[in-house]
Every structure is written in structure tokens, then in C-alpha cells.
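What follows is a short report on a single structure.
What follows is calculated from the coordinates using simple rules that are stated; it is not laboratory data. Because the structure is a prediction, the values reported are computed rather than measured. Methodologically, a virtual Cβ is constructed for each residue, glycine included, from the backbone with ideal geometry; neighbour enumeration extends over all protein chains shown.
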Amino acid sequence: MASATRLSVRNIHKSFGTHEVLRGISLDAHDGDVISLLGASGSGKSTFLRCINLLEVADRGEIVVDGERIEMVTKNGRNVPASRKQVDRIRAELGMVFQSFNLWSHMTILDNVIEGPLHVLKRPRAECIAEAEALLEKVGIAEKRHAYPAHLSGGQQQRAAIARALAMKPKVMLFDEPTSALDPELVGEVLRVMRSLAEEGMTMLVVTHEMSFARNVSNRVIFMRSGEIDSDGTPEELFGKGGSPAFRQFIGTFGS
Amino acid sequence: MDIPFLFQTMKTLLAAVPMTLALFSLSVLFGGLLALLVVWMRVGGNPVLSRFARGYIFVFRGSPLLIQMFLVFYGLGQFGFIRHSFVWPALREPFVCAVLSLALCTAGYTAEIFRFGLRAVPPREIEAARAIGMSGFLLVRRIIAPIAFRHALPAYSTEIVMMVKSTALASLVTVWEVTGVAQRLISQTYRTMEVFLCAAIIYLVLNFLILQAMALLEHRLSPHRRAAAPLVPGSLPVSR
Ligand SMILES: Nc1ncnc2c1ncn2[C@@H]1O[C@H](COP(=O)(O)OP(=O)(O)OP(=O)(O)O)[C@@H](O)[C@H]1O
Ligand SMILES: [Mg+2]
């Protein structure tokens, strides 16, 4: 594989108290990779994603985003980022989409989308608005740009949240169960947006329970179990003959 | 009913309204700024500052404003280092003392009001802001403060109305605001009912206007809480 490594994670460990949630996870995402992260509830998928953009700080391990290594230091016996500036910069390069959308409720959809480019990247307002409107068009909610999050359906809110993340022109997009909070009939509209992103070559790390997405859209599937990577391969390998017994049992519960 | 007397009384009392408004606006302004400082100490994470802020809030909420005002007015001069410092010429002024004690007191209440506003900010929305690279002052200015202020506004309106009424206490340290002038009129005319009635009407009108303004502000700041469209199925009850 000749394409650039957008994200490289080495040997991440994370404990909450005595509970070791991540036990040495490593992963490389190359340009255009769409990686589905599967695993039972409590296997550490969210914690792993949150460690990547430092919403949680890993106890051990290394994270490199587009060639830039996140500097860590030990303070009072704990591993902490060396520079808040660097953390902010890295976070701006990683788009995060949350299960519960987490739009800013007091802002219109358009204001949600321009907030980052305007105030974090400090770009000209007119440019931010033009790009935001194009993004809202792309995710299919242009007509909602002056509405507030509470006035949108869950599917529309999640698409707005995706537009908000894309407005930062991220190098990698992280999705944490983007469709799990949605009614079944609204899942499709969000998956369609994610699929078109994948087709445009966005590098994506997607925690999901949507087996159709894992099978048909992603080019790599990682199955996590008790804080470790249990299986890792192409969807064909894993959903074919290559998956571990634990993986077979896991997908068995989805009836596929 | 003695209309000419009422008219004359009203005229005299209205002349004192600018003083009442000056007491009110300066103490709300300085009290608000001080409240920001106190709430920052209270929730900033430093245990010493937090304890100090707690103590401050307890003292100024827990004791009568009138006594606080007397202590500032009669008490500060007892300290030689204050009497000989450059602030003494200002602190000798009843007006300055009144504003100072009103501001100190409202800061205690307002700090608690702001703190409850802060607690109502959904952690998820803060996290979303961190995830796009916001931190520090930018995060406070763009996300935390606007949401917290919206939550605090109803309680803050109440506090502001209380402050209009509290300015009346300044009359007891010889500041000639509406209540003070009313008392002087009474001592000259012995017509308690009519004079206080006029004063009460003035306070009611002031508070009516202030409440209208606050309600307007609240309305302006909360389009997201009004139903524009019926809630569409499919959205979980997420934070709003
Ligand atoms: N902030 C925290 N403090 C303590 N324990 C935590 C914290 N966050 C997560 N955990 C624990 O870590 C484990 C892994 O949680 P995580 O949310 O990463 O799982 P997950 O794979 O995302 O599960 P789900 O599918 O339910 O979202 C769980 O046992 C959880 O209780
Ligand atoms: Mg999770």
C-alpha cells in the first residue's frame, strides 16, 4: 500500500481505575481507508476513538496524525499531553461524530457548521458560510440551515453533525455509533451520507453495529473484544471464512 | 384626594430616580463582574480559591444587606490603613459605600446563579466543542458562557429586580434616592400614605420596565426552545 498513513496508533492502553479497558491497541489508517470497528458493548470501542482525539488520555501508547506525533509527558505519575496547543490542532484535524449528535442547541444549524472554521480556524466569515451551505446541501439539509437542532429529526441532526465535522476539513473522520440513537427508518439517510464520503476517499474510522455498512462500505473490519483486537481483515475475509469463533458468535447475534 | 399634593410629590420623587438608577446600574455592573470572578474561583478547580469563594458567597448571602452597608459605611473608617490610603476620599462618600455594599452583596447571589447556569451546560456540547479544537477562553466565550447565561437568565432577572428594591436601603446611609427623598418629604409633611404610595408606584414602574426588558432578552435568546415544528420522531431525547 503506497498511500500516505493518515493515522497511526501504537499500543494504546487505558484503564479506568482498576478496570483495564484498552489492552494494547494498534492500528494504521491509510488515505481513503474506511475501517469499521465492531465489538460487543463494553469492549472499549468508544474509549478507543476518544483516546485518538484525546477526549480520553491513554495511559500508554503513541498516536500519530498525518505524520505528527502527539507529544506526551508524565506528570504526577500520569501520562498527559505536553501541549494543549498541539492537542487543539490535532483535534481540529480529526472530525468526530457522536452517537447523540451533540449539536450546540442554542445555535442554528448553519451556525453550528461555521463555528469551527470561523472561530477555531479563524477563516473569513463569507468563505465559511459559502462552504457550510455547500456542505449542508451535500448532506441534504440545506433548507434547514436556519432551524435549531431541536427542530430537526435525529437523522437530520446527525447529518448536520457530520457537516459540522466536515467543515473543519478533517484528515480523518471518527464516527462513534452514528446511527445507534436513530429510529430504524432514519438510519438509511445517515448511512448514505457516510457512504458517499467513503466513495470520495475520506479516511474514516467507524464504530458501528450496522453490519451492512461494515460489509459493503468499509475496506477493513476490526473486531474488538475485551480491549483487544480480536480479528482484523477485509470484510470478505472476516465475514467469509477468516473470522475468529468469537467474531462468528458476535455477528450471529445480528442474524447475518 | 389631594391631586396637587400628589403631583408635587411625584415630581420631587421623580427627581430622585436618576440616583436610584445610578445605584442600581453601577451595583449590578460591578456586582456582575465580581460575580464572574467569584464563580471562576468557585469552580476553577483550585481548592483554596474555591473555599474562599464559598466563604464569600456564604457571608454575603447569609447576613442582612443593611448590616453589610452599615459595616462598610461606619466600619471601614475604623481601620487606620484604610483611612490613610488613597481610596479613603472615595470611601467617605455615602454613594460609593452604597454602591460598594450593594455590589458585594449581589455578587454573592449572582455567583450562585451563574454557577447553576454553568451546571446546566450539557457536557456533550462542551465535548463537541473540544472535539473541533476549542479550549480555554474560546470554549468559555463561544459555548459555555452563552449556554450558561441562557439557563441563568430567569433567576438573574429576579436578582436584578431585588436589586432595584435594595437600593432603597441606601437612604439609611444618607444617599438621596427615591426612598430617602420620600422619607424626607414625610418628615416635612407627615403625609406617610400618599408619599410612600407615590414611591411604591415609581418602583413598580421601574421593575415593570426592567422585567419587560429581561423577558424580551430571554425571548431573543431562546428561539431554540420554542417549537418551530413539532418534534419529529427519530430523535432521542438528547440534551437541549
Ligand atoms: N469515564 C469512564 N469512567 C469509568 N469507566 C468507563 C468510562 N468510560 C468507559 N468506561 C468503561 O469502559 C468500558 C468500555 O467502555 P466503552 O464505552 O469504550 O465501550 P463500547 O465498546 O463503546 O461500548 P458500547 O457499544 O456500549 O458503546 C466499559 O466497561 C465502561 O463501563
Ligand atoms: Mg460506545
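Summary of the geometry: segment A:71-85 and segment B:22-101, compared by the centres of their Cα atoms, lie 40 Å apart.
Taking chain A as a Gaussian network of alpha-carbon nodes connected by springs under 10 Å, the highest mean-square fluctuation of the residues A:209, A:119, A:13 belongs to A:119. Roughly speaking, what is the centre-to-centre gap between segment A:154-173 and segment A:179-256 when only Cα atoms are used, to the nearest Å? Segment A:154-173 and segment A:179-256 have Cα centres spaced 19 Å from each other. Averaged over peptide A:164-176, the number of partner chain Cβ atoms lying within 10 Å of each residue's Cβ comes to 1.
Rounded to the nearest 0.05, what FRET efficiency is calculated for residue A:85 and residue A:60 with R0 set to 25 Å and r the Cβ-Cβ distance? The partial results should precede the final answer.
Details: r = 23 Å, r/R0 = 0.91.
With a Förster radius of 25 Å, E is 0.65.
Consider a paramagnetic label point 7 Å from the Cα of residue A:5 along Cα→Cβ; state which residues of segment A:70-93 have an amide N under 18 Å from it. Flagged as within label range: A:70-72.
Once you average over the residues of B:133-139, how many Cβ atoms of partner chains fall within 10 Å of each Cβ? Intermediate values should be presented prior to the final figure.
Details: counts 15, 7, 6, 2, 0, 3, 3.
The mean count of partner-chain Cβ atoms within 10 Å per residue comes to 5.
Take every DSSP beta bridge whose two residues both sit in chain A; close to 60 percent of them are antiparallel.
Could you list B:149, A:101, B:7, A:247 so that the one with the fewest beta carbons within 10 Å of its beta carbon is first and the one with the most is last?
Details: B:149 17, A:101 30, B:7 11, A:247 20.
Ascending number of Cβ neighbours within 10 Å: B:7, B:149, A:247, A:101.
Mean residue ellipticity, 222 nm, helices only, chain A: the sum of -39500 (n - 2.57) across DSSP H runs of n ≥ 4, divided by residue count and rounded to 500, is -9500 deg cm²/dmol.
When each of the peptides A:218-225, B:36-43 is scored by the mean number of other C-beta atoms lying within 10 Å of its residues, the order from highest to lowest reads A:218-225, B:36-43.
Other chains near A:148-161: what is the mean number of their Cβ atoms within 10 Å of each residue's Cβ? Walk me through the intermediate numbers first.
Details: counts 8, 6, 12, 10, 6, 6, 6, 3, 3, 5, 2, 0, 0, 1.
Shielding by partners across A:148-161 averages 5.
If a spin label sat at a point 7 angstrom from the Cα of residue B:82 along the line to its beta carbon, the backbone N atoms of segment B:47-73 nearer than 19 Å would be those of B:56-73. Seen from residue A:93, the other residues with C-beta closer than 9 Å to its C-beta sum to a net charge of +2, counting Lys and Arg as +1 and Asp and Glu as -1. Within chain B, helices built from complete DSSP H runs that reach 27 Å or longer along their own axis (Cα positions) and carry a mean Kyte-Doolittle hydropathy of 0.0 or higher are B:17-43, B:94-119, B:145-166, B:192-221. Within a Cβ distance under 12 Å of residue A:143, other residues only, what is the Lys/Arg minus Asp/Glu net charge? Within the 12 Å Cβ shell, the charges total 0.
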